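Below is one structure, written out as structure tokens; comments come after it.
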Amino acid sequence: GTSAKRGRMDVAFKRVGPGEEVPPPPKELAEWAGNTAGGTLGGMVYGAVRGYRAHDPRYAEVAAIVAKRHRWMRATSEATLGGLRLGSFVAVFSAVQLASASHRADGA
């Protein structure tokens, strides 16, 4: 019940003194971190492709090198924002999913 759940969470927030062995992280934390990293990377790739392929008519009349520079800047900006957006969503979704699974397992 509650003591099992509290024991699992205490491992994540337990203070470790100098010279003490650090306990391994809970498997849920590793799963959450992997899901979040995957979502962030996917959002960055999607944003970069979307930003690079976007056509901006403001740069139609400028030199090719300037247009290319603006295209890469837009791709970088969209990659950052896409990673932030999708990564944040996946982090929250994954945390809620893991917490509800843990809650269901404690209730069973």
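The values are calculated or read from the model by the stated rules, or taken from the named source; none is laboratory data. Bear in mind the structure is a predicted one, so any value in this text is a computation, not a measurement. Here Cβ is always computed from backbone atoms with ideal geometry, including for glycine, and neighbour counts include all displayed protein chains. What goes into the accessible areas is simple: the full protein's heavy atoms, side chains included, and nothing from ligands, DNA or RNA. Shrake-Rupley method; radii C 1.70, N 1.55, O 1.52, S 1.80 Å.
Among the numbered conditions (1) out of contact with any helix residue (DSSP H, G or I) (no Cβ under 7 Å at 6 or more places or on another chain); (2) among the basic types (Lys, Arg); (3) more than 30 Å from GLN97 (Cβ to Cβ), tell me where LYS27 comes up short.
Unmet condition: (3).
Looking at the stretch 54-76 only, could you name the residues that are assigned to a helix (DSSP H, G or I), of a type in the set (Gly, Ala, Ser) and open to solvent by 60 Å² or more (accessible area, probe 1.4 Å)? Reasoning before the result, please.
Let us first name the residues in the stretch 54-76 that are assigned to a helix (DSSP H, G or I), namely 57-59, 64-76.
If we keep only those that are of a type in the set (Gly, Ala, Ser) as well, we get 64, 67, 75.
If the condition is that a residue be assigned to a helix (DSSP H, G or I), of a type in the set (Gly, Ala, Ser) and open to solvent by 60 Å² or more (accessible area, probe 1.4 Å), then ALA64 is the only one that fits.
For the structure I just gave you, tell me whether THR80 is crowded, with 16+ Cβ neighbours inside 10 Å and under 30 Å from VAL96 (Cβ atoms).
Working: crowded, with 16+ Cβ neighbours inside 10 Å: no; under 30 Å from VAL96 (Cβ atoms): yes.
It is false that THR80 is crowded, with 16+ Cβ neighbours inside 10 Å and under 30 Å from VAL96 (Cβ atoms).
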